[in-house]
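The values are calculated or read from the model by the stated rules, or taken from the named source; none is laboratory data. These numbers come from a predicted model, not from an experiment. Neighbour counts are summed over all protein chains in view; Cβ atoms, including those assigned to glycine, are modelled from backbone coordinates with ideal geometry. Ligands, DNA and RNA are excluded from the accessible area calculation, which covers all protein heavy atoms including side chains. Shrake-Rupley method; radii C 1.70, N 1.55, O 1.52, S 1.80 Å.
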Amino acid sequence: MQSSEPAARVVVGVDGSPSSRAALRWADRYARSIGGVVEAVHVWDTPSAAGFTGPAIDPDFDLEQARERFTAELVAVFPDERPPGLKEILVEGDPSETLIRASQGAEILVVGRRGRGAFARAMLGSVSQRCAQHAACPVVVVRQDTETEPVH
């Protein structure tokens, strides 16, 4: 008998860091264990460099670069095939705000921990810290997977 309820959403932030790849793997394992689906969210921002004639930005180029980085991350984590039901979401904006919005109605939000020591942990405003404080669902912060990722 098929349930009419939608599958549980497991939202994960993907930013290209080793801890982000570990978070994506964790989110996939968790989603499979609960019969849920993964929503991989990659947030990009158009850097603005002001020149003599105004901002020097090319939103199309930046979007293409973001799309390529996102695809490369998904291929790095899932080299053979992507998980069934994986939803790929590419958004321009602030990573913290975007992930907090995406957490609405989600089973869980998974983010990587990018810190590299006491100074990085002490910095206020990190994406993982803001998500942990403001998300609308439980948040899991995943550290870099030292078995599959090189430690620098």
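Remarks
- Residue list for the range 87-97, filter: closer than 22 Å to Asp60 by Cα and surrounded by 20 or more Cβ atoms within 10 Å (Cβ to Cβ): Pro95
- Subset of the range 36-48 (residues that are at pLDDT below 90, open to solvent by less than 70 Å² (accessible area, probe 1.4 Å) and in a loop (DSSP other than H, G, I, E, B)): Thr46
- Listed by first and then second residue, the pairs with beta-carbon distance under 6 Å, at least 6 apart or on different chains, first residue in the range 63-78 and closer than 20 Å to Trp26 by Cα, second of a type in the set (A, V, I, L, M, F, W, C) and surrounded by 16 or more Cβ atoms within 10 Å (Cβ to Cβ), are Phe70/Leu90; Glu73/Val14; Val77/Leu24.
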